[in-house]
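The values are calculated or read from the model by the stated rules, or taken from the named source; none is laboratory data. None of these values were measured; they are calculated from a predicted model. With ideal geometry, Cβ positions are generated from the backbone for all residues, glycine too; neighbour counts draw on all protein chains shown. The protein model used for the area step is the full one, side chains on, heavy atoms only, and it has no ligands, DNA or RNA in it. Shrake-Rupley method; radii C 1.70, N 1.55, O 1.52, S 1.80 Å.
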Amino acid sequence: MRLCKALLLPWMGLGLVAFCRIDWTLKELELVASRPQDSFHAFVAQLHAKRTAERAFGSNEEGDQSDAVRHYMWAGLMVKELGAEKAKLFLSAHETQDHESTDSRRMDLQNNEAGVRAAERLKKRGALTRESLELQALKDLLARKLTINEYRSGPYDYENVGQGGRLRGS
């Protein structure tokens, strides 16, 4: 069983707020110590990205479509909350995990970059919302613009893409 590393941080005058992840990297812990408020936003963005992948694909796997969309969404949501430069700091810190294969790291980095670019384009148009980012992620997935190591089949909800359709359950 893996233990959770919980961090207690002062948050906007509300006392201490705890947030927990199992897979913190040393670089991420350094960012949490130096940028606690930004770290909290990055953590919340990661939770939203995981939920998006789970709603769309019914799971949250490594190397497949859910992984690609999760990284894309996390990167884009951090751009929305923190701006592109800070988002890239957190994304780079996360991708220093030693246990990942070269293919997995390459996939994650490419999908992170795709999410950052998509969020920047949406932001320039004044249209960056979680919903618009989800729709763009799905469009890019269907157009095979995301990097995926292993396609998995499944009952995914791709209805009405391009006409305001959304990922299943959102």
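A few remarks follow.
- Selected residue [crowded, with 24+ Cβ neighbours inside 10 Å, among the hydrophobic types (A, V, I, L, M, F, W, C), under 13 Å from the mean Cα position of the chain (by Cα) and closer than 13 Å to E134 by Cα] from A49, A56, A42, A87: A49
- A residue that is acidic (D, E), in contact with a Ser or Thr (Cβ under 8 Å, 6 or more places away or on another chain) and open to solvent by 10 Å² or more (accessible area, probe 1.4 Å) occurs nowhere in region 106-129.
- The number of residues in region 91-121 being charged (D, E, K, R) and either more than 22 Å from H48 (Cβ to Cβ) or in contact with an Asp or Glu (Cβ under 8 Å, 6 or more places away or on another chain) (or both) comes to 7.
- Condition check for R117 on (1) of a type outside the set (A, V, I, L, M); (2) out of contact with any helix residue (DSSP H, G or I) (no Cβ under 6 Å at 6 or more places or on another chain); (3) modelled with pLDDT under 95: one failure, at (3).
- Which listed residue is under 16 Å from R55 (Cα atoms) and modelled with pLDDT under 95, from L141, L133: L141
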